[in-house]
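> Could you have a look at this structure, given as C-alpha cells, before my questions?
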Amino acid sequence: AQSVSQHNHHVILSEAASLELGCNYSYGGTVNLFWYVQYPGQHLQLLLKYFSGDPLVKGIKGFEAEFIKSKFSFNLRKPSVQWSDTAEYFCAVKSDKLIFGTGTRLQVFP
Amino acid sequence: NAGVTQTPKFRVLKTGQSMTLLCAQDMNHEYMYWYRQDPGMGLRLIHYSVGEGTTAKGEVPDGYNVSRLKKQNFLLGLESAAPSQTSVYFCASSYGAGGLYEQYFGPGTRLTVT
C-alpha cells in the first residue's frame, strides 16, 4: 500500500531563513505529487503539484519542490521564509487515491 | 463561485447522538470526498463519490455513512456518535480523479463528541 512520510513534525524558523520540508513516499508505480498548505483557521490550499516533465516544480508564494524519483522524495523548499508562511504543510501522493502525510507545522518568528 | 462550502462549522454531540454534515460545491465537479483530520495523522479519507448516486469507502469508513443524491451535495452521516469521532472534517471536490485534477477543500467542520 502506498504511504507518505513527513519526517519533520514541527519546524521553527526565523524570518529570512531557508526552508526545506521532507516528503518521502512508498509506491513503485506512477504517482502524482502535491504539497498543500493550511494556514491557521483556514482550509487546505494547493501550493504546487507534479505530474510529469521538469522535476523541479514552482508553486505559489515562492515555494518550489523537487521530485527525485530514485529517492522517492518530493521535498518542499523556499529560500527565504516570511512570518506569513506560518502554517501546516501537507505532502500528498496520488496513484488511485490521494494519500496525505501527517503534516509539518511551520512556525516563523519575526 | 462559493467553491466548496460545509455546514455546520462547529458542533458538539453527546455520545450516541446522530448528525449529518452537508457539503456543497458549485463547480460542477464529479468527484467529492470526505476526510477527517486528526493531530499527528494528517488527513484520512472516509468516503468518496465518483458521481451522482455513487459512493465508495475510503480508508476509515466505519461509523459513517454518506449519500450523493445530487451532484452538488455530499452528505456525511454519523448514526451513533462516539468520542473517537471527535475530529475536524473536511469535504473536497475535484473535476476528475487523475493527478491533473486538483482537489478543492471546504473550510471544515469541527466536531466534538462528549
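Quick note: the coordinates plus some simple rules give every number you see, no bench work behind them. Nothing here was measured: the structure is a model prediction, and the numbers come from that model. Here the Cβ positions follow ideal geometry from the backbone for every residue, glycine too, while neighbour counts run over all protein chains shown.
> Net charge within 10 Å of A:Ser18 by Cβ-Cβ distance, Lys/Arg positive one each and Asp/Glu negative one each, not counting A:Ser18 itself?
Values: positive: A:Arg77, A:Lys78; negative: A:Glu20.
After counting each charged neighbour, the total is +1.
> In a GNM of chain A with a 10 Å cut-off on Cα contacts, which of A:Ser18, A:Ser70, A:Ser26 has the highest mean-square fluctuation?
Between A:Ser18, A:Ser70, A:Ser26, it is A:Ser70 that shows the largest mean-square fluctuation.
> For the peptides A:94-104, B:13-23, what is the packing order when you average, over each peptide's residues, the other Cβ atoms within 10 Å and list the highest mean first? Please report the intermediate quantities before stating the final value.
Numbers: A:94-104: 19.9, B:13-23: 14.8.
Highest to lowest by the protection proxy: A:94-104, B:13-23.
> Averaging sequence separations of C-alpha pairs under 8 Å and six or more residues apart, then dividing by the length of chain B, give the relative contact order as a whole percent. Please report the intermediate quantities before stating the final value.
Working: 300 pairs, mean separation 40.2, N = 114.
Once normalised by length, the contact order is 35 percent.
> Other chains near A:29-36: what is the mean number of their Cβ atoms within 10 Å of each residue's Cβ?
On the way: counts 0, 1, 1, 4, 1, 3, 0, 4.
Shielding by partners across A:29-36 averages 2.
> Counting pairs of alpha carbon atoms under 8 Å apart in space and at least six apart in sequence, what relative contact order in percent does chain A give?
38
> Mind checking B:36-42 for the average number of partner chain beta-carbons within 10 Å of each residue's beta-carbon?
Values: counts 0, 6, 1, 3, 3, 4, 11.
Whole-number average of other-chain Cβ neighbours for B:36-42 is 4.
> Within 10 Å of each Cβ in A:102-109, how many Cβ atoms from other chains are there, averaged over the peptide?
Working: counts 6, 6, 0, 1, 0, 0, 0, 0.
Counting Cβ atoms of other protein chains within 10 Å of each residue's Cβ and averaging gives 2.
> Using the Cα atoms of the stretch A:17-74 to build a convex hull, what is its mean projected area in square nanometres?
Numbers: hull surface 19.3 nm².
One quarter of the hull surface, i.e. the mean projection, equals 4.8 nm².
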